[in-house]
Amino acid sequence: RNDDEVKGTKVRKAHWSAPLPPDISDTMARLLAMPKTITGSTVWRLQDDPETITVIQHSYTRDVLYGERFRLQSTFRFSQTDAGVLFENFAETIWVSPLPWSLTAVKVFVERKSRVDSTAASPDVQRMIEKAIAARRAAPASPASPSA
């Protein structure tokens, strides 16, 4: 849908569930009270201008201890260059409210995990976009609508 808050953008939201990633240790899962299946929400905002397309993704879950205190943000930017298209991916953790200092290890874990996962997913995102572009180019042109 078009978003009236930020002109020229489109927004989409999805609710999801996923199994606990296998790289989460049992100790960290217990410390963060993580269930075997995590549910959450993701909001995407798409903005384009003549030279750049930017997708900002916010993901969050309440299923983990302190999950209400942070959002994971990924920014995917596609820019036209002389050589083609430059794809950039940025990841950050946005702390809505700070953790107690005694939980610095949890903060470090969450921030590192989000950066590592975003970096690992980047080639998949790029491949999906390239596949969508190729499919769009291969699709037959739609016939012109008849004039009245």
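The values are calculated or read from the model by the stated rules, or taken from the named source; none is laboratory data. All of these numbers come straight from a predicted model, not from anything done at the bench. Neighbour counts are summed over all protein chains in view; Cβ atoms, including those assigned to glycine, are modelled from backbone coordinates with ideal geometry. For the accessible areas, the whole protein counts, side chains as well, though only heavy atoms, and no ligand, DNA or RNA atoms are used. Shrake-Rupley method; radii C 1.70, N 1.55, O 1.52, S 1.80 Å.
Straight-line reach from K113: taking Cα to Cα under 18 Å and skipping same-chain neighbours fewer than 8 places apart, the aspartates and glutamates in range are D23, D26, D63, E68, E92, D124.
Under 30 Å of direct C-alpha separation, and excluding same-chain neighbours fewer than eight residues apart, K7 reaches these lysines: K131.
Relative to the longest principal axis of the C-alpha atoms of the chain, give the angle of the C-alpha long axis of helix 104-138, reported between 0 and 90° and rounded to the nearest 10°. The two axes meet at around 20 degrees.
A 1.4 Å probe run over the range 9-135, with the rest of the protein chains in place, finds 66 Å² accessible per residue.
For the chain, a crude dipole built from +1 on the beta carbon of Lys and Arg and -1 on the beta carbon of Asp and Glu, taken about the Cα centre, is about 380 debye to the nearest 20. When Rg and Dmax of the Cα atoms in Å is calculated for this entry, the matching label among (i) 19.1, 71; (ii) 14.1, 52; (iii) 15.5, 52 is (i).
In the range 9-135, if the dipole is taken from +1 on Lys/Arg beta carbons and -1 on Asp/Glu beta carbons about the Cα centre, which of A33, A83, A14 is farthest to the positive end? Selected residue: A33. Here K107 is the anchor, and the lysines within straight C-alpha reach of less than 25 Å, apart from those fewer than 8 places off in the same chain, are K36.
With contributions of -39500 (n - 2.57) from each DSSP H run of at least four residues, the per-residue ellipticity at 222 nm computed over the chain stands at -9500 deg cm²/dmol.
Most tightly packed first, judged by the mean number of other beta-carbon atoms within 10 Å of their residues, the peptides 31-39, 59-67 read 59-67, 31-39. When the solvent-accessible area of the range 9-135 is split by element, carbon and sulfur atoms take up 59 percent of it, the probe being 1.4 Å.
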